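Have a look at the structure below, then the notes.
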Amino acid sequence: MTKNIFLLLFILFSALFFGQNFKTDVENQFRDYNSLISNKDFKKAMDLYANEDFFKIVPKEQLIEMMEMVMNAPEMEFKMHPPENIIIDEKNVVNENGKKYLKLIYNQRLDMKFKDSKVKPEDLLSALQGQFGYNQVRYNEKTDFFEINTIKSTVANSSDFKNWKFTVIEKKQIPILKQFIPEKFLKELN
């Protein structure tokens with residue numbers, strides 16, 4: 001009887017330790033991925049953390065080039081703050097095509113400044129509020145930055161539960177994403 005209790009406790013503690021360790025791995029890798037993008041090291045971010053299936057649709061070099069164009073546009077200054085309040089939904093893991101998929105939800109602030117813009121800040125504010133939500137965008141007159149608070153969803157996938165790849169999911173990208181992201185995660189966007 002005592003042996004069975006110790007065995008049960010060992011299994012329970014092992015499961016708890018594994019669960020916490022895997023969540024820590026996912027979060028740490030996601031933070032590293034996000035930091036690489038924020039620091040404009042797009043190639044390393046794509047090499048280490050991008051979902052390889054995405055590159056079957058959009059070549060890696062083309063994606064890196066697009067990211068560089070957007071983040072280094074001379075008419076705009078763009079800052080990404082580290083993600084906050086990361087929630088990892090480990091209860092709804094999907095097994096598909098030899099990979100495990102799970103969803104992360106997080107908050108992230110983005111700051112944008114439009115240089116030499118002929119458009120009035122209040123008009124830009126209105127346009128950004130239309131895209132991100134009225135309460136999600138504010139204009140900081142002191143810094144001349146638009147501060148955008150976003151709630152984002154990302155799907156993480158791994159074939160070994162150790163090395164994670166990430167794909168930000170957005171409603172407007174469903175036609176591309178449905179080619180390699182489990183349908184369950186895309187249905188939640190509607």
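The values are calculated or read from the model by the stated rules, or taken from the named source; none is laboratory data. Keep in mind the model is a prediction, meaning the values are calculated, not measured. Note that each Cβ is placed from the backbone with ideal geometry, even for glycine, and that neighbours are counted across all protein chains shown. We work out accessible area using only protein heavy atoms, side chains counted, and drop any ligands, DNA or RNA first. Shrake-Rupley method; radii C 1.70, N 1.55, O 1.52, S 1.80 Å.
In table form, for the structure just shown:
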{"read-out": "Residue tally, condition open to solvent by less than 50 Å² (accessible area, probe 1.4 Å) and not aromatic (Phe, Trp, Tyr), over the stretch 25-34", "value": "4"}
{"read-out": "Strands (runs of 3 or more DSSP E) wholly inside the stretch 119-190 containing at least 2 residues that are among the polar types (S, T, N, Q)", "value": "145-158"}
{"read-out": "Residues satisfying the stated conditions in the stretch 62-108, i.e. open to solvent by 70 Å² or more (accessible area, probe 1.4 Å), at negative phi, not acidic (Asp, Glu) and not in a strand (DSSP E or B)", "value": "Gln62, Met66, Met69, Val70, Asn72, Pro74, Pro82"}
{"read-out": "Residue within the stretch 97-114 that is under 22 Å from Ala73 (Cα atoms) and of a type in the set (Ser, Thr, Tyr) present", "value": "no"}
{"read-out": "Cβ pairs under 6 Å, 6+ apart, first in the stretch 116-144 and of a type outside the set (Phe, Trp, Tyr), second open to solvent by less than 60 Å² (accessible area, probe 1.4 Å) and assigned to a helix (DSSP H, G or I)", "value": "Val137/Leu128; Val137/Gln129"}
{"read-out": "Answer residue from the stretch 36-58, given it is closer than 12 Å to Met71 by Cα and not in a loop (DSSP other than H, G, I, E, B) and is most open to solvent (accessible area, probe 1.4 Å) among those", "value": "Ser38"}
{"read-out": "Any pair with Cβ under 9 angstrom, 6 or more apart, that starts in the stretch 153-176 at a residue that is under 19 Å from Leu36 (Cα atoms) and open to solvent by 30 Å² or more (accessible area, probe 1.4 Å) and ends at one that is of a type in the set (Gly, Ala, Ser) and not in a helix (DSSP H, G or I)", "value": "Lys165/Ala50; Lys165/Ala156; Lys165/Ser158; Val168/Ser153"}
{"read-out": "Set Lys103, Lys56, Lys79: member being in contact with a Ser or Thr (Cβ under 9 Å, 6 or more places away or on another chain) and within 21 Å of Gln179 (Cα to Cα)", "value": "Lys103"}
{"read-out": "Number of the condition not met by Lys120 [criteria: (1) farther than 30 Å from Val26 by Cα; (2) surrounded by 12 or more Cβ atoms within 10 Å (Cβ to Cβ); (3) at pLDDT below 90]", "value": "(2)"}
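Every residue, every condition in (1) of a type in the set (A, V, I, L, M, F, W, C); (2) at pLDDT 90 or above, yes or no:
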| residue | (1), (2) |
| --- | --- |
| Val94 | yes, yes |
| Lys100 | no, yes |
| Ile105 | yes, yes |
| Leu124 | yes, no |
| Val137 | yes, yes |
| Phe146 | yes, yes |
| Ile151 | yes, yes |
| Asn163 | no, yes |
| Leu177 | yes, yes |
